[in-house]
Amino acid sequence: MTPLTGRAYGHPRPPDVDVLVVGAGITGIYQLYRALEAGFSAELWEAGGGVGGTWYWNRYPGARFDSESYTYAYLFSKELFEEWSWCEHFAEQPEIERYLNHVVDRFDLDRHIHLGARVTAATYDEPSGTWTLTAGDGSTTSARFLVAATGVLSVPYFPDIPGRHDFGGESYHTGLWPTTPVDFTGKRVAVIGTGSSGVQIIPLIAEEAASLTVYQRTPNWCTPLNNGPITAAEQAHLQAEFEAIKEILDTSPAGFLHQPHDRASTDDPPAERRAFFEKMWRSPGFSKLISHYTDVLFDDRANAQWCEFIADKVRGIVRDPAVAEKLIPKDHRFGEKRPPFVTGYYETYNKPNVSLVDLQETPIVDMTAAGIETADGVREFDIVVWATGFDFGTGALLRMGIVGRGGLTLAEHWSEGPRTFLGIQTAGFPNLFFPGGPHAAAGNNPRYNGDQVDFVTDTLVHLRDRGYDSVEVEPTAEQRWTAMIDRGAAKSTFGEISYYFGTNIPGKPKKYLLNSGGRPKLFAMIDEVVANGYKAFRLARSADSSTSSA
Ligand code: N01
């Protein structure tokens, strides 16, 4: 196929590449692969020193998938699926990073990847219909199409605690973990935050540190991940069943293998209900959301019964009743926030070197050179770990210095929250795509994000086949999709206390950042776009600006 680059567009200099992908996470690597496979010239710029995206930066001890490894991995190549034997049902970060490096090597992608290139400016040039990018290392490039695969959990959030910069010890954020190991041996360690990252790292630090103090503002409904090694028989089954697994994952509403249950909690008498709750407690990862009683997320009574079951489990595990009560959420239902899945988390609080500070009782007042001061005094530390989350959804895109048509900045266009079509494009920013960004997913991310990458690539091929080189979503389509997201948000089981509404970041607009229509809506809308010849988009030739009436 003829790449777009180098064709005459009536401007002095053709873009350096057809497709510039930003971000070497699971989505960006796949986008690079698909663009090259489709015959476009393509490069990928990545801020980090290696590939992996989330799975490069979040290399803290205990970081692992909580979707099954083989459901999170790529499905585009049967050979790749069959030749990679995951060690565990929920792989740990080092194995995930090895896998992603293997994919890059196996498909000869590395020569297209520029590491250490954090994009600081991306400007659309209207006459030429191209994007010009600048990176923090001084590199510049231009591209016909810009695909920002910058992820939703890629901007770590540090709360503005007074004196934060005064702390004189070591300080690490889980989402910016160093590539050299952190030695906790014999150290006095604080962890701030008990979301999915905090509850993964806490048990591991407790094994090494002289003392570990956990600063918890809000407890979560944590349930066991129930991880384990993949046996040889399971491995053989997975490899033999690639087609069947792929079929289920390609069509699953939330991208999981888990199947929905067919009973409500009210269908079972108390003893059977308790037995089912026990079965859920022992089931792997997200089956506790997907395969639970059909009413558990929607009915207050059913939800409260499940929460009481979890609370009893916590009281049974944690020996100090006062600590157990502090670890039991009182302010939200199960599923109102994204539930973390844990391995040995509650058990950690039985260790003599571990203590819990409830920030609702004793808020942080200040950080000093020596440690953390709360309402009841100062505790001194050698290491502080920030497990305080991310500027979810829009954080990375809004920090990339994106300027679209007529000098419109993305920050201006999204000042009241993201406006997208399919979670892929936004009006006023031709030839910019952001698969895996806001409004993209609500489940097992790589499955949704892969769908989006496929659509982006099909769109580029559609343009090329018809002689177009510019594509921009119509404002009406953007309004329609964004309104659908907002309507769905009002019915979401996630509450406004969830960071999915951006409420963890002071000053951020309170807007739903997931795809509230789920995968079925994404599929339906993509089908509609294709069936009606891309009417939702304005297609153009930059040389003569003639537009598609299609
Ligand atoms: O971040 P979070 P995370 N003072 O926002 C606390 C994915 N992930 O990195 O709840 C004190 O969930 C905050 O307290 P509160 C997954 O999608 C996946 O843990 O706001 N504390 C909370 O406890 C996950 O949902 C895996 O009251 C403060 C914590 O910091 C997402 O990443 C593993 C504070 C932040 O929790 C984010 O998880 C890890 C303050 N001023 C992560 N500000 C897998 O297993 C915030 N906090 C695949």
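The values are calculated or read from the model by the stated rules, or taken from the named source; none is laboratory data. Nothing here was measured: the structure is a model prediction, and the numbers come from that model. Quick reminder, even Gly has a Cβ in these numbers, built from the backbone with ideal geometry, and neighbours come from all protein chains shown. We work out accessible area using only protein heavy atoms, side chains counted, and drop any ligands, DNA or RNA first. Shrake-Rupley method; radii C 1.70, N 1.55, O 1.52, S 1.80 Å.
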Practice prompt. Relative to the longest principal axis of the C-alpha atoms of the chain, give the angle of the C-alpha long axis of helix 300-317, reported between 0 and 90° and rounded to the nearest 10°.
Written response: 60
Practice prompt. May I ask for the percentage of alpha-carbon pairs in the chain that lie more than 36 Å from each other?
Written response: 35
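Where Lys and Arg each count +1 and Asp and Glu each count -1, what net charge lies around V357 among other residues with Cβ under 15 Å from its Cβ?
Combined, the nearby Lys, Arg, Asp and Glu give -4.
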Item to complete: Against the globular-protein guess of 2.2 N^0.38 Å, express the Cα radius of gyration of the stretch 76-209 as a ratio, rounded to two decimals.
Response: 1.42
Practice prompt. Ignoring everything but the protein chains, give the 1.4 Å probe accessible area of M400 in square angstrom, nearest 10.
Written response: 10
Practice prompt. List the residues whose amide H sits under 5 Å from the amide H of V191, counting only those 5 or more places along or on another chain, with H placed 1.01 Å from N in the peptide plane.
Written response: T213, V214, Y215, V385
Worksheet item: Based on DSSP, what percent of beta bridges with both residues in the chain are antiparallel, to the nearest 5?
Response: 45
Worksheet, complete the sentence: Rounded to the nearest 10 Å², the 1.4 Å probe accessible area of E380 is 100
Worksheet entry | On Cα atoms only, tilt of 26-37 relative to the major axis of the chain in degrees | 20
Worksheet entry | Cut-off 15 Å between beta-carbons: net charge of the residues surrounding R217, Lys and Arg +1, Asp and Glu -1 | -1
Practice prompt. For L539, tell me the accessible area in Å² from a 1.4 Å probe, rounded to the nearest 10.
Written response: 0
Worksheet entry | Cα-based Rg / Dmax (Å) for the stretch 372-502 | 19.0, 69
Item to complete: Count charges around N303 for me, please; just the other residues with Cβ under 11 Å from its Cβ, Lys/Arg as +1, Asp/Glu as -1.
Response: -3
Discussion item. Under the rule of at least 5 residues apart or a separate chain, name every residue whose amide H is placed under 5 Å from the amide H of I113.
Written reply: L44
Discussion item. Taking the 0 to 90 degree range and rounding to the nearest ten, how far is the long axis of helix 93-106 tilted relative to the main principal axis of the chain, both from C-alpha atoms?
Written reply: 20
Worksheet item: What residues qualify as long-range amide H neighbours of V365, i.e. H under 5 Å apart, gap of 5 or more or another chain, H built at 1.01 Å from N?
Response: E373, T374, A375
Worksheet entry | Accessible area in square angstrom per residue, the chain, 1.4 angstrom probe | 40
Discussion item. Whole angstrom only: what separates the Cα centroid of the stretch 150-214 from the Cα centroid of the stretch 299-373?
Written reply: 18
Worksheet entry | Protein accessible area in the chain, 1.4 Å probe - carbon and sulfur % | 51
Practice prompt. Tabulate in residue order the Karplus-calculated ³J(HN,Hα) for the stretch 381-391, using 6.51 cos²θ - 1.76 cosθ + 1.60 with θ = phi - 60°, rounded to whole Hz; enter x for Gly and Pro.
Written response: 9, 8, 9, 10, 10, 8, 10, 9, x, 9, 7
Item to complete: Per residue of the stretch 259-274, in order, report the coupling 6.51 cos²θ - 1.76 cosθ + 1.60 (Karplus, θ = phi - 60°) as ³J(HN,Hα) in whole Hz, putting x for Gly and Pro.
Response: 9, x, 7, 10, 10, 8, 4, 6, 6, 10, x, x, 5, 5, 4, 4
Worksheet item: From the backbone phi of the stretch 176-185, what are the Karplus-calculated ³J(HN,Hα) couplings (6.51 cos²θ - 1.76 cosθ + 1.60, θ = phi - 60°) in whole Hz, Gly and Pro given as x?
Response: 9, 5, x, 7, 8, x, 9, 9, 8, 4
